[in-house]
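Below is one structure; the comments refer to it alone.
The values are calculated or read from the model by the stated rules, or taken from the named source; none is laboratory data. As the structure is a computational prediction, the values presented were derived from the model and not from experiment. We place every Cβ from the backbone using ideal geometry, glycine too, and count neighbours over all the protein chains shown.
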């Protein structure tokens, strides 16, 4: 019995020391507010620029009725959302900016769901399959993204953070393209 107790104690100590070392190595402390704002806005501004470029490409593809290319473009956009999600998640916000980070991650999650729903709809259209449920799913995903976008805009305003897209399009609400449009829509916080 003593031997099992000692082994358990040693195991617990090893786990505690390992966990402490991992946390120390991962930069467990938060960033300064100015560093966080700079990295956050840089990442989101780059993301929004890519969205604008993708929207232009998507509109051209829709005009050509090239649904397969639209699907491929949205798949690339989904990968971009995943990359930005990882970049934002890796930031260590100061306490006063943790809500911003949480809302931003939820926004990116909602954008990804919207793009996936749109691609499911596009694929069904391409295959000439029934789309009624997929239209509903795409519309619901769009509504969720718009709601989260409004929350994100309020949080950005509360913190006095202005993104480039907000400067370019002041006072605009999120896009109003129908959820069933093949290219989806810009989901930029505006």
One residue from 110, 183 being modelled with pLDDT of 95 or more and either assigned to a helix (DSSP H, G or I) or over 17 Å from the mean Cα position of the chain (by Cα) (or both): 110
Hey, residue 137 at pLDDT 95 or above, exposed (fewer than 14 other Cβ atoms within 10 Å of the Cβ) and at negative phi or not: no
Flag for residue 76 being over 26 Å from residue 36 (Cβ atoms) and in contact with a helix residue (DSSP H, G or I) (Cβ under 6 Å, 6 or more places away or on another chain): no
Given (1) touching a residue at least 60 places away in the same chain (Cβ under 8 Å); (2) surrounded by fewer than 16 Cβ atoms within 10 Å (Cβ to Cβ), index of the condition residue 38 fails: (1)
Selection status of residue 14, over 22 Å from residue 89 (Cβ atoms), outside the structural domain of residue 100 (by TED's automatic domain parsing) and at pLDDT below 95: yes
Odd one out for residue 89 among (1) surrounded by 13 or more Cβ atoms within 10 Å (Cβ to Cβ); (2) within 11 Å of the chain's Cα centre (by Cα): (1)
Any hit, segment 105-119, residues being surrounded by fewer than 20 Cβ atoms within 10 Å (Cβ to Cβ) and under 15 Å from residue 155 (Cα atoms): yes
Members of segment 66-98 that are outside any helix (DSSP H, G or I) and touching a residue at least 12 places away in the same chain (Cβ under 8 Å): 91, 92, 93, 94
Residue check for residue 176: modelled with pLDDT under 95, surrounded by 15 or more Cβ atoms within 10 Å (Cβ to Cβ) and in a loop (DSSP other than H, G, I, E, B): no
Which numbered condition residue 90 fails, given (1) modelled with pLDDT under 95; (2) in the same structural domain as residue 47 (by TED's automatic domain parsing): (1)
